[in-house]
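Student: Below is one structure. I have some questions about it.
We did not get these values from a lab; they are worked out from the coordinates using the rules stated. Here the structure is a predicted model, which is why all the values come from computation and not from measurement. So basically every Cβ, Gly included, is an ideal-geometry build from the backbone, and we count neighbours across all protein chains shown.
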Amino acid sequence: MTSAAIFDLDNTLVHGSSLFHFASYLARRRAFSIGAVARFTLEEFRYARGQGETASISERAATTALSLVRGRTQDAMHAYVDEFVKRRSGRLLADPVVRQVTQFQQRGVPCFIATASPQELADSFAMLLGMTGAFGTVSETNDGIYSGRLAGPICHGPAKAHRVRHELEARGLELGSSTVYSDSVNDLPLLSAARVPVAVSPDRTLARIAALNGWQILTRKGEGTTLAPGMGGSGEHPCPFPA
């Protein structure tokens, strides 16, 4: 088997932005100053409300998030992330999408998260769901302390597709044989490279592309549809499992 299942995190596996929810959680815990978190949440507000993602929002959010963790220890941040995921996952996870993960796992298909959100958040959600691994944005650390810089490119857009392809190939898997779930047109490089692209509660642009190509459209409420051949798409990419 060379296929895998790749799931975006924000607005796909979880409702809204995982970074927005995590920052809000830290503010309530008083782990960060209210003012610092407020500046971050202003950057994430539009995305967290599910109104779409601009091309630069991940860069802005990453810059603000990096300033929040600069000088903090990686161990402490891992502890906060794991606590947050354990306590809030019940209300954040989109059950219909999680069911897709479970059905892939039951067939022995490796499942991964691929997201622009921090690697720490991606890892924790992947571990909770028993997934094979996660690919997120990696922050630079020196002797276990966050430097406030990135260790590589943001896992977003074409860079995300490149990262996923590289990571899968290292495991003997093929993106071209895999299924990809995402809500955003910014993941078009990843979706278009997959054997089965699935648009999850897609933004307007991705919804239009999915309809034109006959891709499966699944909502986080569990409703799904596959266009038949001749209905604006090829009909070659049916949903692998029922919603």
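Student: Please list, ordered by chain and number, the residues whose modelled amide H lies under 5 Å from the amide H of Phe7; skip anything fewer than 5 residues away on the same chain.
Tutor: It is Phe112, Ile113, Ala114, Tyr181, by chain and number.
Student: Could you tell me whether the stretch 141-207 comes out rounded, prolate or oblate from its Cα gyration tensor? Rule is a ≥ b ≥ c as square roots of the eigenvalues, rounded for a/c under 1.5, then prolate if a/b exceeds b/c, otherwise oblate.
Tutor: Here the stretch 141-207 falls in the oblate category.
Student: Once the piece of chain linking Gln106 and Ala151 is laid out straight, how much longer is it, given 0.36 nm per residue of separation minus the C-alpha distance between them?
Tutor: 12.7 nm
Student: Amide H neighbours of Thr219 under 5 Å, at least 5 residues apart or on other chains, H built in the peptide plane: list them.
Tutor: Residues meeting the criterion, in which the H sits 1.01 Å from N, are Ser201, Gly224.
Student: Let me ask another. How long is the gain from Ser192 to Leu212 if the chain were fully straight, where each residue apart is worth 0.36 nm and the alpha carbon distance is subtracted?
Tutor: The Ser192-Leu212 span can extend by a further 5.9 nm.
Student: Same structure, new question: Between Arg171 and Asp75, take the C-beta separation as r, use R0 = 25 Å, and let me know the FRET efficiency to the nearest 0.05.
Tutor: For Arg171 and Asp75, the calculated efficiency is 0.35.
Student: So, one more: Can you give me the distance in nm between label points at Thr2 and Asp82, each placed 7 Å from the Cα along the Cα-to-Cβ direction?
Tutor: So the label points at Thr2 and Asp82 sit 3.7 nm apart.
Student: If you count, for each residue, the other Cβ atoms within 10 Å and average over each peptide, how do 201-209, 1-9 line up from highest to lowest?
Tutor: 1-9, 201-209
Student: Follow-up. Sort the following peptides by mean Cβ neighbour count (other Cβ atoms within 10 Å, averaged over residues), highest first: 140-151, 156-167.
Tutor: By packing density, highest mean first, the sequence is 156-167, 140-151.
Student: Taking square-rooted eigenvalues a ≥ b ≥ c of the alpha carbon gyration tensor, is the stretch 69-185 rounded, prolate or oblate, where a/c under 1.5 means rounded and, failing that, a/b exceeding b/c means prolate?
Tutor: It is oblate, given that a/c is not under 1.5 and a/b is not larger than b/c.
Student: Which far-off residues, 5 or more places away or on another chain, put their amide H under 5 Å from the one on Ser139, with H placed in the peptide plane?
Tutor: For Ser139, whose amide H was placed from the backbone, the distant partners under 5 Å are Gln119, Ala151.
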